[in-house]
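First comes the structure, then the notes that go with it.
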Amino acid sequence: MNWAALGYNIGLTLQVVADIEERNLPSPMAREYLQAGARAIMQMWDDLEDAEKQLIAIA
């Protein structure tokens, strides 16, 4: 995983929020998208932190 992928997922999550505000997305569907986005972002963040720790341990 990389920072670009994390940024992309954050952007998609923000787009869901914008769609909710414009009423383009039903609430139940939006909730599912936001939950999935949050899980993906948290997992990516953990993966990046783990990779960073490994790099620090090697150096």
Completion exercise
Val16 meets each of (1) open to solvent by 50 Å² or more (accessible area, probe 1.4 Å); (2) in a helix (DSSP H, G or I) with one exception, condition (1)
Handout entry: Met29 being at pLDDT 85 or above and assigned to a helix (DSSP H, G or I)
Key = no
Handout entry: Test: residue in region 33-46 that is open to solvent by 100 Å² or more (accessible area, probe 1.4 Å) and hydrophobic (A, V, I, L, M, F, W, C)
Key = yes
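The values are calculated or read from the model by the stated rules, or taken from the named source; none is laboratory data. Keep in mind that what you see is a predicted model, and the values were worked out from it rather than measured. Side chains included, ligands, DNA and RNA excluded: accessible areas come from the protein's heavy atoms. Shrake-Rupley method; radii C 1.70, N 1.55, O 1.52, S 1.80 Å.
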